[in-house]
Amino acid sequence: MARRPTRAERNRNKIIMWWGAAILLGVFAWNQGRVELWILPILVIAYYELCAVPTLCGVETSRGHPCKNQAYGRLIACKDQPSHAVYKNDALLRMLGFRRPPRQVSAPAPGPHDRTATELPMEPQVATIESKQTLITLLTVVGTIAGVVQVFLAAKN
Ligand SMILES: [Zn+2]
């Protein structure tokens with residue numbers, strides 16, 4: 001009767017396991033009656049959403065549709081396209097307000113004395129993340145920070 005579970009089943013088990021852990025920690029915090037313990041379920045859910053949730057890669061290069069490959073965690077790109085991790089990191093950093101110049105794909109542009117070179121530098125490719133994914137990631141980060149701040153404020157009183 002040993003059957004390899006399908007990816008959908010493994011994903012479902014993973015989701016149940018993570019939410020189960022968060023709920024158990026929530027119940028534990030409730031029973032203990034100590035506000036600061038609420039930090040545990042909050043961090044478990046935040047980690048799960050950002051680094052473990054079964055989702056789609058969602059990287060959109062300048063041409064084409066969002067990547068439909070499986071990824072685990074909203075901060076993580078798919079493993080099938082190694083370049084997607086770089087694009088996703090850059091897009092997330094831009095979302096958080098860190099401006100980084102787009103990656104130069106070609107060789108540096110020729111200097112002013114080099115008249116023989118007529119080639120234009122290649123357009124650096126800028127990738128974005130599917131807007132729905134970006135929104136959920138942003139909400140998770142904001143919600144986590146808000147939750148942690150709430151717990152700290154409540155614990156102080
Ligand atoms: Zn991808």
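Values quoted throughout were computed directly from the atomic coordinates according to the rules given, and no laboratory measurement underlies them. Note that the structure is predicted; figures quoted are calculated from it, not measured. Positions of Cβ are generated from backbone atoms using ideal geometry, with glycine treated the same way; all protein chains shown enter the neighbour counts.
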For a protection proxy built on the mean count of beta-carbon atoms within 10 angstrom, sort 76-87, 17-28 highest first, please.
76-87, 17-28
Return the distance in nm (one decimal) between the two label points of a simple spin-label model at residue 142 and residue 69, each offset 7 Å from Cα along Cα→Cβ.
3.0
Working out 0.36 nm times the residue gap between residue 12 and residue 81, then minus their Cα-Cα distance, what length gain in nm do you get to one decimal?
22.4 nm
Extension reserve of the residue 156-residue 126 stretch, reckoned as 0.36 nm per residue once the Cα distance is removed:
6.3 nm
